[in-house]
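Below: the structure, in structure tokens.
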Amino acid sequence: MRRKVAKKSSEESSVNYFQLFGLDTSFNVDTKNLSETYQKLQKAVHPDRFVRASSQEQLIAVQRSAMINDAYQMLKKPLKRAEYMLEIRDTVMPNEQASFSDNSFLMRQMELREMLEEVKYADDINAAIFEATQTLDQEYELLFSSMQIQLGENTREANLSACNNLRKLKFYQKLHIELDRLEEQLLDD
């Protein structure tokens, strides 16, 4: 299954978010510079500056402001940035519900879910949560580093591998959220 992409306006689809912010198309982004550029761009097109303009110009200002905001949100978050890079490289992200062909990762998913389940029954909940967090963080960092290298290579094979690692990283993010919720639930009791 292929991921459905929301239709974008013709202007938005022709705009490269990296170029909009004056950045090289690279996974490594100076987030401070990104934030400063965002503020400058938003200030230039802020709808309040177009109060006395025609309704057409006001509409364009609102659309540009929204596009700049979308671009900023996409580029400031590493996994969204990676997904965007793969998209502009015409690497189609499979639907998140599509199954992995990586059987070892499917097995790892089951093991990690069991690990989270076992936290509930641990004698020392704090230690179990700490250990689970360490495991998730270490595995996340390995995948993240690998994806970062693959994105830097920018070959068809590397982009496909980066795509698979990105899907795995999203799974780890979901597990982290589940672990955070579990921690709140167990420690509030």
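Here are some notes:
- Relative contact order, whole percent, for the stretch 10-76 stands at 36, derived from Cα pairs under 8 Å and 6 or more residues apart.
- Angle of helix 55-76 to the longest C-alpha principal axis of the chain, folded into 0 to 90 degrees and rounded to 10: 30°.
- Angle between the chain longest axis and helix 103-119 axis [Cα atoms, degrees, rounded to 10]: 70 degrees
- Too-long pairs where the Cα-Cα distance tops 22 Å, listed order kept, from Lys43/Lys76; Lys32/Lys170; Lys80/Lys168; Lys32/Lys174; Lys77/Lys170: Lys32/Lys170; Lys32/Lys174
- Residues Asn16 and His176, FRET efficiency given R0 of 25 Å [Cβ-Cβ distance, rounded to 0.05]: 0.25
- Using a cutoff of 8 angstrom between alpha carbon atoms and counting only pairs six or more residues apart, the relative contact order for the stretch 103-188 works out to 30 percent.
- When the GluC sites (Glu not before Pro) in the stretch 16-108 are filtered for DSSP coil states and for at most 16 other beta-carbon atoms within 10 Å of their beta-carbon, the remaining sites are Glu96.
- The magnitude of the dipole of the chain, with charges of +1 and -1 set on the Cβ of Lys/Arg and Asp/Glu and taken from the Cα centre, is near 1420 debye.
- Mean separation of Cα contacts under 8 Å (6+ apart) over length of the chain, as relative contact order %: 21 percent
Since every read-out is calculated from the coordinates, none of them should be taken as a lab result. Keep in mind it's a predicted model, so treat the numbers as computed, not measured. Using ideal geometry, Cβ is built from the backbone for each residue, glycine included, and neighbour counts are taken over all protein chains shown.
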